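See structure below.
What follows is calculated from the coordinates using simple rules that are stated; it is not laboratory data. Computed from a prediction, not measured in an experiment: that's the story for all the values here. Glycine gets a Cβ as well: all are built from the backbone with ideal geometry, and neighbour counts include every protein chain shown.
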Amino acid sequence: MEIMNGETVWTVNDRNAIPITANYGLLLPQVSFWSQLFCISIIMCWVGIGFAVLCYFVVIPKRSSVTGVLLGYGILLPIMLHTPIWIANTLELTNTILITMPSGFIVLFLFRCLAVLHNTAPPQVESNFTTFCWYFALPVEFLHYEQSSSSTPPCKNLNKTLWNIAWSFIMTCCWLSLLETTTVPYTLFTTTTSGIWRYLHWKHLVNNASIIYLHSILFLNGTSLVTVTVRLLSGNSVVDITNNPLWTSTSPSDFWNHKWNTLFHGIFKRGVYRPLRNAHVTPFVALMGTFAVSGMVHEYIWYIIDQSPKEFNSRPHYGPTILFFLYNALLIGLEYQFLVPRLTYWNTIPTVWKSMAVIFCVVPVSHWFTNNAIQFGLYSDYKFGFVLIVPLNDYL
């Protein structure tokens, strides 16, 4: 299916630079990049409806029995896990962003299914089949899922979401233009420092911080587009998936619980943390277990990309991503042990400084997560959808 083939449709040489100075020009975005992302999203929503039918009519009636557990864990979840590989190969996807899209949807379906199996899903979503399908298949969650009333509040903060889209698009164009033209892709500075002290070398910290910022604005751009589309089509208020995490996080727990990817926070909380707590696992062990599962999920996405038709010069490094998430779980544990008892003093510090402290705790080890993303082209394959400022000599 050539129309869905990222390598065929999006090669850098397909875009000719428009001169703006003697040395630099503009590469315009390819509309087909966004249209194909939209097509895959629609496909995955229909796939989600199919899984929702199985969950609602097969798993839910039997979830308190051994049969329900076997159906869920033995049949439905393995089918879900294999689906992204089948889709990537069937559609011949060779753009990393397109390959990642089905994987992200499947992660949502997987943990929503786990929440159903363990009876920890929001109670209202099982009230009728239509509501359950909306909940299960969409890459967002409506605000009223966690409210006692069944009425849906009207859309709000739409202007803020539209501003987020415009701002993140502009910043993404600037940041991709900068990092795409470095001598070593996505590396502002090269450093030869070795050993444990390299984690605190300023060049290493700047490199990692630049990728964290790029990852943040790309994530904001994608999630804002999704939320505003669903808001406009449904007329319902949806949960904001990201909420300015780099500048307003007051602690590690605030970052992960309320600022960064609240959608995944919700599915991991209902699909992993609450079942563990219901099994009388201590809060700290449940926390570590939840973040370990989150790390494994991201390793699973690396595996899906590696199994796709796209060819890579090297294989992914498995393990560092899990360590990255366990490290963040440990930070939250330390926060509750040492920071919470001193909240009176901590609350006097300006929010932006607290946020900088939170981010700095992660920057030294963020490459444990982002190295695979860079290697697989997770950032560079985004460039086809954005305006880039590039050297003319490279695009004549």
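The slack in the chain from Trp163 to Ala357, taken as 0.36 nm per residue of separation less the alpha-carbon distance, amounts to 67.2 nm. Bridging of Lys310 to lysines at a Cα separation below 18 Å is possible for Lys383, once same-chain residues fewer than 8 apart are set aside. Straight-line reach from Lys269: taking Cα to Cα under 19 Å and skipping same-chain neighbours fewer than 8 places apart, the lysines in range are Lys259.
Peptide packing: for 116-129, 62-75, the average count of neighbouring Cβ atoms within 10 Å per residue gives the ranking 116-129, 62-75, highest mean first.
Ranked for footprinting exposure by Cβ neighbours inside 10 Å, fewest first, Lys310, Lys354 give Lys354, Lys310. Spin-label model, Ile43/Leu188: points 7 Å from Cα along the beta carbon direction are separated by 3.8 nm.
What you get for region 2-394, charging only the Cβ of Lys and Arg (+1) and of Asp and Glu (-1), is a dipole of about 960 debye around the Cα centre. Each label point was placed 7 Å from the Cα along the Cα-to-Cβ direction; for Val226 and Asn23 their separation is 4.0 nm.
Helices of the chain meeting both criteria, an alpha-carbon length of 15 angstrom or more along the long axis and an average Kyte-Doolittle score not below 0.5, with helices taken as full DSSP H segments, are 31-54, 77-90, 96-117, 158-180, 202-234, 283-306, 320-334, 351-362.
Annotation: extensible slack from Tyr318 through Val69 equals 86.7 nm (criterion: 0.36 nm per residue apart, minus Cα-Cα distance). Quarter the surface of the alpha carbon convex hull of region 240-345 and you get the mean projected area, 8.8 square nanometres.
Full extension of the segment from Leu392 to Asn128, taken as 0.36 nm per residue of separation minus the current Cα-Cα distance, would add 89.3 nm. Please report the base-10 log of the normalised intensity I(q)/I(0) for region 24-105, using a Debye sum with one equal scatterer per alpha carbon and no solvent, at each q in 0.18, 0.27 (1/Å). Each listed q corresponds, in turn, to -0.81, -1.25. What FRET efficiency, computed as 1/(1 + (r/R0)^6) with R0 = 41 Å and r the Cβ-Cβ distance, is obtained for Glu311 and Trp346, rounded to the nearest 0.05? Result of the calculation: an efficiency of 0.25. The translational diffusion coefficient of the chain, from Stokes-Einstein at 10 °C and 1.306 mPa s with a Kirkwood hydrodynamic radius over alpha carbon pairs, comes to 70 µm²/s. Spacing of the modelled spin labels on Ile170 and Ser234, each 7 Å from Cα toward Cβ, amounts to 3.0 nm.
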